[in-house]
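The values are calculated or read from the model by the stated rules, or taken from the named source; none is laboratory data. Every value quoted in this text rests on a predicted model; they were computed, and no experiment measured them. Please note: Cβ atoms are built from the backbone with ideal geometry, for glycine as well, and neighbour counts cover all protein chains shown. For accessibility, only protein heavy atoms count, side chains too; no ligands or nucleic acids. Shrake-Rupley method; radii C 1.70, N 1.55, O 1.52, S 1.80 Å.
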Amino acid sequence: TMAEDSNVDYLLWVGCAGSFDDRTKKVSVALVQILQKAGINFAILGKEEKCTGDFARRAGNEMMYQMMALENIETLNNYKVKKIITACPHCLNTLKHEYPQMGGVFEVIHHSEFIRNLVQSGKITLNKSFEGQLTYHDPCYLGRYNNVYSAPRSLLKSLAKGGFTELDRHSKESFCCGAGGARMWMEENIGKRINLERAEEIIGKTVSNVAVGCPFCLTMIEDGMKELGREDEIKTKDIAELVANNMIEK
């Protein structure tokens, strides 16, 4: 943790889902394995890390958001943090674009871009051995909000032995998983649930695996597959999990 040794190059921002959600904890572990294999000097905040406040702000509770943000900014500035890696596009967007409004200026990078850079620099090598047709669901806060499209695809294409297939709605024209804007905590009561529509689009592509780059997309797409009875046929994995399982031992 930073409290034990703050003399590091990067802070890994784990996020609420990566810390507390049993499914997303596996993504955190996979990302740490990648960083350790690449010899990256990093630390986490541990108990000092609080929610960024993204969902509070999206739901309209500006006061709660500002309280959370100010606490986090004070902690980060005390440790003189400059560079942050995160697997959550919601944390990415808030830390990168909204914290500067309150005095928190940091260089923030999504794990897909960071891992892509590790591959390009030769710090990790991927084995093109991942079986089965693979597709990718663009998270809204990674794609449209932060214009990150190429890094995830570069990684997935470099490990997919069975081929990579684009969804009909992808990149700038992608379709939301249904959890953004604090919808994660609300129930759909008009029309079809968004995650079911997206899951049906994925099923229609005849793929056996769908990759995501966001903990909330992971939950929503997995839940959609379960509701449609296809969770055994189509596996939902975060990019970090796929990379961690397809690195070449040196």
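A few comments on the model shown:
- Taking region 124-155 as the range and being among the aromatic types (F, W, Y) and either open to solvent by 30 Å² or more (accessible area, probe 1.4 Å) or more than 14 Å from the chain's Cα centre (by Cα) (or both) as the test, the residues that pass are F130, Y145, Y149.
- Qualifying residue in region 161-170 (condition: of a type in the set (D, E, K, R) and surrounded by 16 or more Cβ atoms within 10 Å (Cβ to Cβ)): no
- Verdict on S158 being surrounded by fewer than 21 Cβ atoms within 10 Å (Cβ to Cβ), touching a Phe, Trp or Tyr at 6+ places or on another chain (Cβ under 7 Å) and more than 21 Å from R230 (Cβ to Cβ): no
- For region 29-80, a residue qualifies if it is loosely packed, with under 15 Cβ neighbours inside 10 Å and assigned to a loop (DSSP other than H, G, I, E, B), and the qualifying residues are G39, N41, K50, G60, K80.
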